[in-house]
Amino acid sequence: VNRFVNFTYLFNFKLKMNFPILSTLIFLPFLSSLFIILFKYQKNSYSPIYISLFGSVATFLLSLFLWYSLDQSTANFQFIEEKSWINDFIKFKLGVDGISILFIVLTTFITPICIISCINSVKDRMKEFLIAILVLETFIIGVFCSLDLVIFYLFFEAGLIPMFLIIGVWGGPKRVYSAFKFFLFTLLGSVLMLIAIIAIYWITGTTDITSIYEIKIPDQYQNLLWLAFFSSFAVKTPMWPFHTWLPDAHVEAPTAGSVILAAILLKMAGYGFLRFSIPMFPVASEFFTPLIYSLSIIAIIYTSLVALMQDDMKKLIAYSSVAHMGYVTLGIFTLTKQGVEGSIYQMISHGLISAALFLCVGVVYDRLNSRLISTYGGLVNYLPKYSFLFLVFALAALGLPGTTGFLGEFLILTGAFQKNYFVALLATFGVVLGAAYILWLTKRVIFGETLNEEIKKLRDTNKLEIFMLVTLAFCVIFFGFYPMPLIETLNVSVDNLINNYEQSIDNINLVKND
């Protein structure tokens, strides 16, 4: 045992000093996609699925090892990799901390599940679909590892391309319209961010994120730069009123596309607020906090009411995602320990629960080719396994204690009550509305009267479907009862974020008083 422990410590030391684990983690899915491209297969061969599964599972295991190797006692970026790219103007710089590592693990965990779901849901061009998923995973991991603004922007925007193809090629009847709407909304929102990155280089002389933290951007520039980054993150989150692309994208996307869109892509914007908006522009963040509170509350209440009116299961879950992300932005800008930790935890929780709910919709859609709530009813009598798992995720989505959905919202509301009672009360009312539309959906689909005779002929979930849903259900319940592995990973990095913010605000107040 002692020899094994010594070997582990030695390997971890060498890992931090020499082995480019982050570059490997980023480009391993891309390498898997190249294998799929280069090899020839017989028609209807499962080889592309095996290759993509092997690559994605290997990436997941490597991310778990990275999480295990992370020193949770420091807020500093770790496993730094830095290479000059364009005459020292841009550096390919990578690193992770306690915040980014959780999003990396979430990404690598969800991707194999998306690949497994392709087996039942994707009928044509399976090889190309798998390539798009793996390339998208590469870009997303790159976003969470980047420590240079230009590299971050390239990864952030490059992810649009495979997602555009996933919706536009393998989506539903209105796939082209939805794909272009998704692409144009997110691309146009990021143009101002690109201008802001150029401005930051002009002001500070660098695009290195850690250097910008130390240099401090002058107060007179912060408001405009904050708004430029906000234009991108608000669309990607999506915040009200920039959310209109999301329901269309979800409805037309294939099941795996909806899963990766809800579980991972939306989280890049929340991560952006934490990594850029708050630490780089603390003065502007304080100034625009009332704006964030207002938009978040509108998103929580308005989209919850809209969800109550939906007759399409996917649209209902899509609008619920907007509401849940409203809690995330609210918690982030409370800038309290409970609020920020709750927001990050809520993003991880939403990644698991929304992925599961979209998979549940995909299971019945593959059988009846309908997402309308009125098509279903009384599924508990004919699909008991499916109904039980659907109920687990529905209860998690409404925040039942003992699931991840409860703790995230509880921490966010606790942080909100510390800052603004009125805002917190309105957000709490959103919890009631969330329970209303989720219970309404469950009652009609699972426990309602069976009016469609085709339902009586449906087969229950198969082994692959049970594996995917049970895996997600285990995570939702395990981290609901025992959240400490996630909270302990976040603790020091969140403390450092809040302390630096408060110190910046205190210094500015001292200067004003003098």
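Listed by first and then second residue, the pairs with beta-carbon distance under 7 Å, at least 6 apart or on different chains, first residue in the range 305-332 and polar (S, T, N, Q), second open to solvent by 30 Å² or more (accessible area, probe 1.4 Å) and in a helix (DSSP H, G or I), are Gln310/Tyr319. In the range 451-494, the residue that is farthest from Tyr376 (Cα to Cα) out of those that are acidic (Asp, Glu) and open to solvent by 50 Å² or more (accessible area, probe 1.4 Å) is Glu488.
Suppose we filter Ser84, Ser23, Ser47 for residues that are polar (S, T, N, Q), in contact with a strand residue (DSSP E or B) (Cβ under 9 Å, 6 or more places away or on another chain) and at pLDDT below 85; which single one remains?
Details: Ser23 fails: at pLDDT below 85; Ser47 fails: in contact with a strand residue (DSSP E or B) (Cβ under 9 Å, 6 or more places away or on another chain).
Criteria check complete, one pass: Ser84.
Condition check for Leu94 on (1) in contact with a Phe, Trp or Tyr (Cβ under 6 Å, 6 or more places away or on another chain); (2) surrounded by 24 or more Cβ atoms within 10 Å (Cβ to Cβ): one failure, at (1). The single residue among Glu454, Glu488, Glu465 that is closer than 30 Å to Leu413 by Cα and of a type in the set (Asp, Glu) turns out to be Glu488. For the range 168-218, residues that are within 22 Å of Asn496 (Cβ to Cβ) and more than 22 Å from the chain's Cα centre (by Cα) total 13. Screening the range 386-400 for residues that are modelled with pLDDT under 90 and open to solvent by 20 Å² or more (accessible area, probe 1.4 Å) and picking the one that is farthest from Tyr319 (Cα to Cα) gives Leu400.
Tell me which residues, restricted to the range 431-474, are of a type outside the set (Asp, Glu), outside any loop (DSSP other than H, G, I, E, B) and more than 21 Å from Phe358 (Cβ to Cβ). Walk me through it before giving the result.
Pass one, the range 431-474, residues of a type outside the set (Asp, Glu): 431-448, 450-452, 455-459, 461-464, 466-474.
When the remaining residues are screened for being outside any loop (DSSP other than H, G, I, E, B), the result is 431-445, 455-457, 463-464, 466-474.
Residues satisfying the conditions are Val431, Val432, Lys456, Lys457.
The set of residues in the range 235-254 being crowded, with 24+ Cβ neighbours inside 10 Å and polar (S, T, N, Q) consists of Thr237 alone. Any residue that is under 29 Å from Ile301 (Cα atoms), polar (S, T, N, Q) and open to solvent by 10 Å² or more (accessible area, probe 1.4 Å) - is there at least one of those in the range 268-277? Within the range 268-277, none of the residues are under 29 Å from Ile301 (Cα atoms), polar (S, T, N, Q) and open to solvent by 10 Å² or more (accessible area, probe 1.4 Å).
If you check Gly378, Gly342, Gly408, Gly402 for being in contact with a helix residue (DSSP H, G or I) (Cβ under 6 Å, 6 or more places away or on another chain) and at positive phi, only one passes: Gly402.
No other residue among Leu31, Leu62, Leu53, Leu66 is aliphatic (A, V, I, L, M), in contact (Cβ under 8 Å) with a residue 12 or more places away in the chain and under 23 Å from Gly270 (Cα atoms) apart from Leu66. Residue count for the range 142-169 satisfying the condition of being more than 16 Å from Leu261 (Cβ to Cβ) and open to solvent by less than 10 Å² (accessible area, probe 1.4 Å): 9. Among the residues of the range 330-360, those identified as more than 21 Å from Leu261 (Cα to Cα) and either assigned to a loop (DSSP other than H, G, I, E, B) or open to solvent by 10 Å² or more (accessible area, probe 1.4 Å) (or both) are Phe333, Thr334, Leu335, Thr336, Lys337, Gln338, Glu341. Among the residues making up the range 425-446, those that are under 23 Å from Pro290 (Cβ atoms) and surrounded by fewer than 21 Cβ atoms within 10 Å (Cβ to Cβ) are Leu425, Leu426, Thr428, Phe429, Val431, Leu433.
Taking the conditions exactly as written (of a type outside the set (Asp, Glu), touching a residue at least 24 places away in the same chain (Cβ under 8 Å), surrounded by fewer than 19 Cβ atoms within 10 Å (Cβ to Cβ) and not in a helix (DSSP H, G or I)), does Gly377 satisfy them or not? Taking the combined requirement at face value, the residue does not satisfy it.
Note on the range 209-227: among residues that are at pLDDT 85 or above and surrounded by 20 or more Cβ atoms within 10 Å (Cβ to Cβ), the one that is farthest from Glu286 (Cα to Cα) is Ile209. Looking at the range 212-281, the helices (runs of 4 or more DSSP H) lying wholly inside it that each contain 1 or more residues that are touching a Lys or Arg at 6+ places or on another chain (Cβ under 9 Å) and among the β-branched types (Val, Ile, Thr) sit at 245-252. Would you mind finding the one in Leu352, Leu335, Leu305 that is within 25 Å of Gly402 (Cβ to Cβ) and either touching a helix residue (DSSP H, G or I) at 6+ places or on another chain (Cβ under 8 Å) or not charged (D, E, K, R) (or both)? After ruling out the rest, the residue left standing is Leu352.
Give the range 417-461 a look and list any residue that's of a type in the set (D, E, K, R) and farther than 17 Å from Tyr327 by Cβ, or say none. Answer for the range 417-461, where residues must be of a type in the set (D, E, K, R) and farther than 17 Å from Tyr327 by Cβ: Lys443, Arg444, Glu449, Glu453, Glu454, Lys456, Lys457, Arg459, Asp460.
Does Phe230 fit the bill of being at pLDDT 90 or above, open to solvent by 10 Å² or more (accessible area, probe 1.4 Å) and over 20 Å from Ser117 (Cβ atoms)?
yes
The values are calculated or read from the model by the stated rules, or taken from the named source; none is laboratory data. This one's a predicted model, so the numbers in the text were calculated from it and none came from an experiment. So basically every Cβ, Gly included, is an ideal-geometry build from the backbone, and we count neighbours across all protein chains shown. Heads up: the accessible areas ignore ligands, DNA and RNA and are worked out on the full protein's heavy atoms, side chains in. Shrake-Rupley method; radii C 1.70, N 1.55, O 1.52, S 1.80 Å.
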